[in-house]
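Here's the structure we're looking at; comments come further down.
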Amino acid sequence: MSMALQLLNNREQFYSRLSTLSIASNEEWLACMVASWCVGQGILPDYLGLEPEQFSQLKQAYFQDQTLPEQAPSGSQLDFGRMLEKEDLVNLLKRYSRADTPEMDWVIAIIVAGCLGSDHLWQDLGLWSRSQLSAMLHYNFPELAAKNTQNMKWKKFLYKQLCEAEGLYLCRAPSCNVCIDYPKCYGFEE
């Protein structure tokens, strides 16, 4: 238990150093994810899942006074080769994004990398709560996030959007409300 508390303390100390910047919107969520990543939490791989040039731009834009490793402190190595839907996820998020900026490309790439994890998306990204993820998605992809009217878990929601775009409806139940897997897709994550 003391190891877990030490990790949380390390993450919060790192975050407090990052938060001396004027933090607003994406900067805050990126700082949370970077702080978690730097102490080995989440599943984000080397460069946070960004291309090396993007990672360098991110560091220069928001964390230039901080020393950030390029390799994932957790040792996480994701196999994007097994992620056949990577391009589809990128396109889905780009289609609904509110702005075409380098920052948006970073957020999209990090979210896509987080989709390779096996926990809830907010945990895989290294965010500190589901509410942070919800706020980030509503801020960056307002029209897409507004479609999640039933509070579906975000990773499942994104994949459901991909399936619906392809006209694939794999659920055998006539609606989610009567499905036996309802608790797995909806409800609390924290």
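Over every Cα atom in segment 48-111, the radius of gyration and the widest Cα-Cα span, Dmax, amount to 13.0, 37 Å.
Computed with every protein chain present, the accessible area of Glu85 is close to 50 Å² [probe 1.4 Å]. Taking Val90, Val107 and ordering them by how much accessible surface each has at a 1.4 Å probe, largest first, produces Val90, Val107.
Sorted largest first, the spans of the alpha carbon positions of segment 112-156 along the three principal axes are 24, 17, 17 Å. Over segment 103-150, accessible surface divided per residue gives 33 Å², non-protein components excluded, 1.4 Å probe.
Over segment 47-171, the Kirkwood radius and the radius of gyration, each from Cα atoms, give a ratio Rg/Rh of 0.96.
The values are calculated or read from the model by the stated rules, or taken from the named source; none is laboratory data. Quick caveat: nothing in here was measured; it's all calculated off a predicted structure. In case anyone asks, the SASA skips ligands and DNA or RNA and just uses the protein heavy atoms, side chains included. Shrake-Rupley method; radii C 1.70, N 1.55, O 1.52, S 1.80 Å.
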